[in-house]
Amino acid sequence: MASLSFVNVCKTYKNGLTVVKDFNLDIKDREFLILVGPSGCGKSTTLRMIAGLEDITSGELWIDGQLMNMTSPQSRDLSMVFQSYALYPHLTVYQNMAFGLKVHKVPKDEIDKRVGRVAEILHISHLLDRKPSALSGGQKQRVAIGSVIVRQPKAYLMDEPLSNLDAKLRSQMRVELAKIHRELGATIIYVTHDQVEAMTLGTRIVVMNSGVIQQAASPSDIYENPVNKFVAGFIGSPSMNFFPVWVARREEKICLEFGKNKLIANEICSKRLVEDGYVGRRVYLGIRPEDFHEAGPEEQKILFDVEMKEVLGAEILFHGRINREEICVRLSPNVKAEPGERLPVYVDMDRIKLFDMDTEQNIIYV
């Protein structure tokens, strides 16, 4: 397997458009690294620069201590899984998986061994004699991934490989990919716009926006300690709620006020807001849908107008507004409220996030 390093990497096209800016990142051997962000953020371009399919405009790419900027794609010993299945329709599953090994003149016994092992891992051993036309979408994707795995490259590059599958198959394939990473001890660099895939698969997540790394951290750290408002809003489903609030001192307590609602900040938030001069200013308050509760102290209560609800079995998502601000609240099915009603909920003040109005940086980031 391989370790990779980006040093001040930029990618600018001939029309002057810069899609990756000053990209610095070290990828550890055997890491499952996720590049995530909205469409057009530069994540796929970054992956293609690793593969050698895109030239690097400036900066350096190192793989296992060797500079790769001018190295051809075929000499990098990397394998890539694309969004499309890219299978040869006239070849069987076995022949598709063995094709790359035959090109590299691997002995037949070794090919049989590798294909058999990977087919077993992916649960497609019974499909080896079939052609792609006889396979389901999930089976085709397994074969495409298997065709890459059998090569045993330094690293696996995956560009939204599950995006063409339905929700159930995507869930199953996430489990399979996690097992593959664990069993092979592989270095995997995986591009997705789906933050559920990012959170469930990655050992580390790199959140990108407009060609710039916003934050690189473990899934739990990204979720619990987002560096800025963009990361906080992008990671999480449903996404975090944001409200502009007024920071005020009332009877020696620091309050967050919006409309007729007033929340008492906890000791940590109060200390930071006072020390950094936010009293008498506005900040963004961030609350995740699951950080509202059905009961709590009066100073943590807010009221919102329910406009719609989604009954999801074990939970209900209530959608509505506080003043003009949209809100989504995740509660238990015991809560009985209908569209048109005003619902009281209680905020877990130990879980809130606060962001500067100008820089949008996390005020209590640690």
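What the table below lists for this structure:
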{"read-out": "Yes/no for Ser270 being at negative phi, among the hydroxyl-bearing types (Ser, Thr, Tyr) and in contact with a helix residue (DSSP H, G or I) (Cβ under 9 Å, 6 or more places away or on another chain)", "value": "no"}
{"read-out": "Contacts under 7 angstrom Cβ, first residue in segment 116-133 being over 16 Å from Phe99 (Cα atoms), partner of a type in the set (D, E, K, R) and part of a helix (DSSP H, G or I), 6 or more apart", "value": "Ile121/Glu183; Leu122/Arg142; Leu122/Glu176; Ile124/Arg142"}
{"read-out": "Filter pass, Ser75 being under 22 Å from Ser210 (Cβ atoms), more than 26 Å from the chain's Cα centre (by Cα) and surrounded by fewer than 20 Cβ atoms within 10 Å (Cβ to Cβ)", "value": "no"}
{"read-out": "Residue check, Lys11 in contact with an Asp or Glu (Cβ under 8 Å, 6 or more places away or on another chain), in the same structural domain as Asn209 (by TED's automatic domain parsing) and of a type in the set (Lys, Arg)", "value": "yes"}
{"read-out": "Segment 225-247: number of residues that are out of contact with any Pro (no Cβ under 8 Å at 6 or more places or on another chain) and in a strand (DSSP E or B)", "value": "7"}
{"read-out": "In segment 40-62, residue nearest to Asp159 (Cα to Cα) [restricted to those that are hydrophobic (A, V, I, L, M, F, W, C) and out of contact with any helix residue (DSSP H, G or I) (no Cβ under 8 Å at 6 or more places or on another chain)]", "value": "Leu47"}
{"read-out": "Cβ-Cβ under 7 Å pairs, at least 6 apart or on other chains, segment 300-324 side assigned by TED's automatic domain parsing to the domain that holds Asn266 and in contact (Cβ under 8 Å) with a residue 40 or more places away in the chain, far side crowded, with 18+ Cβ neighbours inside 10 Å and aromatic (Phe, Trp, Tyr)", "value": "Gln300/Tyr346; Lys301/Tyr346; Ile322/Phe243; Ile322/Phe304"}
{"read-out": "Any hit, segment 37-54, residues being surrounded by 14 or more Cβ atoms within 10 Å (Cβ to Cβ) and within 17 Å of Ser218 (Cα to Cα)", "value": "yes"}
{"read-out": "Subset of segment 78-100 (residues that are of a type in the set (Ser, Thr, Tyr) and within 28 Å of the chain's Cα centre (by Cα))", "value": "Ser79, Ser84, Tyr85"}
{"read-out": "Residue in segment 155-162 that is under 30 Å from Asn24 (Cβ atoms) and of a type in the set (D, E, K, R) present", "value": "yes"}
{"read-out": "Segment 339-354, subset part of a strand (DSSP E or B) and more than 18 Å from Leu317 (Cβ to Cβ), residue farthest from the chain's Cα centre (by Cα)", "value": "Leu354"}
{"read-out": "Considering residues of segment 355-366 that are at pLDDT 95 or above and within 22 Å of the chain's Cα centre (by Cα) only, the residue surrounded by the most Cβ atoms within 10 Å (Cβ to Cβ)", "value": "Phe355"}
{"read-out": "Some residue of segment 306-325 being in contact with a Phe, Trp or Tyr (Cβ under 9 Å, 6 or more places away or on another chain), over 17 Å from Ile363 (Cα atoms) and of a type in the set (Phe, Trp, Tyr)", "value": "yes"}
{"read-out": "Those helices (runs of 4 or more DSSP H) lying entirely in segment 89-152 with at least 1 residues farther than 17 Å from Leu177 by Cβ", "value": "93-103, 108-121"}
{"read-out": "Check on His90, touching a residue at least 24 places away in the same chain (Cβ under 8 Å), assigned by TED's automatic domain parsing to the domain that holds Glu176 and over 29 Å from Asp29 (Cα atoms)", "value": "yes"}
{"read-out": "All strands (runs of 3 or more DSSP E) inside segment 251-338 with 1 or more residues being within 21 Å of Asp358 (Cα to Cα)", "value": "253-258, 282-287, 325-331"}
{"read-out": "Restricting segment 307-350 to residues that are loosely packed, with under 14 Cβ neighbours inside 10 Å, of a type in the set (Lys, Arg) and under 15 Å from Asn241 (Cα atoms), the residue that is modelled with the highest pLDDT", "value": "Arg321"}
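To keep it simple, each residue is scored yes or no on (1) at pLDDT 95 or above; (2) charged (D, E, K, R).
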position	(1), (2)
Ser239	no, no
Glu251	no, yes
Asn261	no, no
Gly286	yes, no
Gly296	no, no
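Conditions tested, residue by residue: (1) farther than 22 Å from Leu162 by Cα; (2) touching a Lys or Arg at 6+ places or on another chain (Cβ under 6 Å).
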position	(1), (2)
Val93	no, yes
Asn96	no, no
Val103	yes, no
Ile111	yes, no
Val115	no, no
His123	no, no
Asp129	yes, no
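The values are calculated or read from the model by the stated rules, or taken from the named source; none is laboratory data. What you are looking at is a predicted structure, and each value in this text was computed from that prediction instead of being measured. Heads up, the Cβs are rebuilt from the backbone with ideal geometry, glycines too, and the neighbour counts pull from every protein chain shown.
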